[in-house]
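Here's the structure, in structure tokens; my notes come after.
The values are calculated or read from the model by the stated rules, or taken from the named source; none is laboratory data. Just so it is clear, the structure is predicted and the values come from calculations on it, not from any experiment. Cβ placement follows ideal geometry from the backbone for every residue including glycine, while neighbour counts extend to all protein chains displayed. Calculation scope for accessible area: heavy atoms of the full protein, side chains included, ligands and nucleic acids excluded. Shrake-Rupley method; radii C 1.70, N 1.55, O 1.52, S 1.80 Å.
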Amino acid sequence: MRHGITLFTSDRGIRPDVAASTAESRGFDSFYVPEHTHIPIRRESAHPGTGNETLPDDRYMRTLDPWVALGLAAAVTSTIKLGTSVALPLEHDPITLAKTIASLDHLSGGRVHFGVGFGWNAEELADHGVPPKKKRTALREYLEAMQALWTEEEASYAGDFVAFGPSWAWPKPVQQPRPPIFLGAGSTDRNFGWIVRHADGWITTPTEDNVVDNVARLHKAWADAGRTGTPEILALAGRHDAEQLKLWEDAGVTEVIFGLPDRAQDDVVAYIDRLASKLDH
């Protein structure tokens, strides 16, 4: 089971390049960042953690652009995977986003992990022109169109939300046919069905309380759909818990991702050091 970290990037605290290089030097396998373009002040959407319109952390409104942050991290690392937990593709032009991700995968030597979400904040998505009842279909089309640009010499796509005629687009990602795609979402049958059809694995939510049973459910859905192998399972963890980690590994979790605290740089580096020691890195 791999070990990664996720940094809720913002305009305060440790920089993503410092966090990523520190994590790599301490033996971690992956480095993730989230995405929010903005937070509308007037909202009715309930946050998954609080259950209402309040936010648990002011970094939601201070989040750095994930691709700029990961580009910075790529420049000072050489082996650690660079991912999003999660990105919101529907807040971007898919042709431009395909170029951004292909460029990062090319320049980093094939290290991108593409964690995606539908987006819980309906008002944020609405400002980007995303119909709330069509976001699953729209995300599927975005990913299909992006993969066409990543794999085809003359790419084209015709959908309800994305359409373009035969086009050239390089560079192609090092990872073919695409960087691995992981859906960050709750453990519903509907979400698992979407993963089986359109993704390579699942990122748990921070509030997921039954990882073991839900991994078994996703494994069954994967096999029933005729997909080969098993899905990647990326589990978000709080504090280090050796017993829990062993249960997760035995259940089929392939990577555990630890969150970093919202503290000054020296404190975060010390936290990474302590975590690496507990994990025997």
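Checked across segment 62-73, the condition of being at pLDDT below 95 and among the charged types (D, E, K, R) holds for at least one residue.
If you check H3 against the conditions, is it in contact (Cβ under 8 Å) with a residue 12 or more places away in the chain and within 30 Å of A251 (Cβ to Cβ)? First the steps, then the outcome.
Working: in contact (Cβ under 8 Å) with a residue 12 or more places away in the chain: yes; within 30 Å of A251 (Cβ to Cβ): yes.
Here the answer is yes, as H3 does meet what is asked.
Does A122 count as of a type in the set (A, V, I, L, M), touching a residue at least 12 places away in the same chain (Cβ under 8 Å), in contact with a helix residue (DSSP H, G or I) (Cβ under 9 Å, 6 or more places away or on another chain) and open to solvent by less than 20 Å² (accessible area, probe 1.4 Å)?
no
Look through segment 180-203, keep the residues that are among the aromatic types (F, W, Y) and out of contact with any Asp or Glu (no Cβ under 8 Å at 6 or more places or on another chain), and return whichever of them is surrounded by the fewest Cβ atoms within 10 Å (Cβ to Cβ).
Taking segment 180-203 as the starting set, the residues that turn out to be among the aromatic types (F, W, Y) are 182, 192, 194, 202.
Now drop any that are not out of contact with any Asp or Glu (no Cβ under 8 Å at 6 or more places or on another chain), which leaves 192, 194.
Working: F192: 23, W194: 18.
Here the residue is W194.
From the list P206, P177, the one residue that fits, being on the phi < 0 side of the Ramachandran plot, in contact with a Gly (Cβ under 7 Å, 6 or more places away or on another chain) and open to solvent by 20 Å² or more (accessible area, probe 1.4 Å), is P206.
Do the conditions hold for D127, that is, is it open to solvent by 50 Å² or more (accessible area, probe 1.4 Å) and acidic (D, E)? Spelling it out, D127 is indeed open to solvent by 50 Å² or more (accessible area, probe 1.4 Å) and acidic (D, E). Scanning segment 223-281 for residues that are farther than 18 Å from T205 by Cβ and in contact with a Lys or Arg (Cβ under 6 Å, 6 or more places away or on another chain) gives H240, I272, A276, H281. Residue check: I41 meets all listed conditions (1) open to solvent by 60 Å² or more (accessible area, probe 1.4 Å); (2) over 19 Å from A126 (Cα atoms); (3) at pLDDT 90 or above; (4) more than 18 Å from the chain's Cα centre (by Cα) but one, namely (2). Search segment 262-281 for residues being assigned to a helix (DSSP H, G or I) and not aliphatic (A, V, I, L, M), and hand back the single one that is surrounded by the most Cβ atoms within 10 Å (Cβ to Cβ). Taking the candidates together, the pick is Y271.
From the set of residues in segment 193-211 that are among the β-branched types (V, I, T) and not in a strand (DSSP E or B), which is farthest from L236 (Cα to Cα)? Restricting to residues being among the β-branched types (V, I, T) and not in a strand (DSSP E or B), the top hit is V196. Scan segment 228-261 for residues that are open to solvent by 70 Å² or more (accessible area, probe 1.4 Å), modelled with pLDDT of 95 or more and part of a loop (DSSP other than H, G, I, E, B) and the total you get is 2.
Looking only at segment 125-175, which residues are among the aliphatic types (A, V, I, L, M), over 30 Å from N52 (Cβ atoms) and in contact (Cβ under 8 Å) with a residue 40 or more places away in the chain?
If we filter segment 125-175 for residues that are among the aliphatic types (A, V, I, L, M), which is where we start, we get 125-126, 130, 138-139, 143, 145-146, 148-149, 155, 158, 162-163, 169, 174.
Of the ones still in play, those that are also over 30 Å from N52 (Cβ atoms) are 143, 145-146, 148-149, 155, 158, 162-163, 169, 174.
Scanning segment 125-175 gives L143, A145, M146, L149, V162, A169, V174.
Within segment 157-174, the set of residues being open to solvent by 50 Å² or more (accessible area, probe 1.4 Å) and either part of a strand (DSSP E or B) or hydrophobic (A, V, I, L, M, F, W, C) (or both) comprises A158, F161, A163, P166, W168, W170, V174.
Checked against the criterion of being surrounded by 16 or more Cβ atoms within 10 Å (Cβ to Cβ), over 23 Å from T96 (Cβ atoms) and in contact with a strand residue (DSSP E or B) (Cβ under 7 Å, 6 or more places away or on another chain), the candidates A69, A23 yield just one match: A23. How many of the residues in segment 87-108 are farther than 14 Å from W170 by Cβ, of a type in the set (D, E, K, R) and surrounded by fewer than 18 Cβ atoms within 10 Å (Cβ to Cβ)? Total satisfying the criteria: 1.
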